[in-house]
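Coordinate-derived values only; no laboratory data. Being a predicted model, the structure only gives us computed values, none of them experimental. Because the Cβ atoms are built from the backbone with ideal geometry, glycine has one as well, and the counts that use them run over all protein chains shown.
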Amino acid sequence: QVQLVESGGGLVQAGGSLILSCAASGTIYSVNVMGWYRQAPGKQRELVATLAAGGRTNYADSVKGRFTISRDNAKNTVFLQMNNLKPEDTAVYYCNADYRATLYAKYHELWGQGTLVTVSS
């Protein structure tokens, strides 16, 4: 069974930094896009950042210049470095990945369980 395990959330003061990590485990042949989404209370889930296996990144305008996404392809792990955090960054952050179990299998989308990031003012 393939799963995504996130870590690194917590409480931080405004202006501080956190690093989130997410590791995919199980029967995985390859992972295409990995990324982070977030959902604040009372709001819809939104994209934070994605990183394709080839290196192309996509960031939400609200985090550009403050957050950096990276990955270790050998370990199927994605990271999110979050700097200069703001109270409006408070949300549950979810890891997302498109993976396939074998060379000829279809890609499947997978979500992590979420990790809470709270930024105090």
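Points to keep in mind about this one:
- Among the lysines of the chain, pairs at least eight places apart or on separate chains and with Cα atoms under 28 Å apart come to 5.
- Translational diffusion of the range 16-105, µm² s⁻¹ [Kirkwood Rh, Cα pairs; Stokes-Einstein; 10 °C; 1.306 mPa s]: 116 µm²/s
- The chain, dipole about Cα centre (Lys/Arg Cβ +1, Asp/Glu Cβ -1), debye to the nearest 20: 140 debye
- Summary value for the chain: 36 percent relative contact order, contacts being C-alpha pairs under 8 angstrom separated by 6+ residues.
- Label positions at residue 83 and residue 46, each projected 7 Å from the Cα along the C-beta direction, are separated by 2.2 nm.
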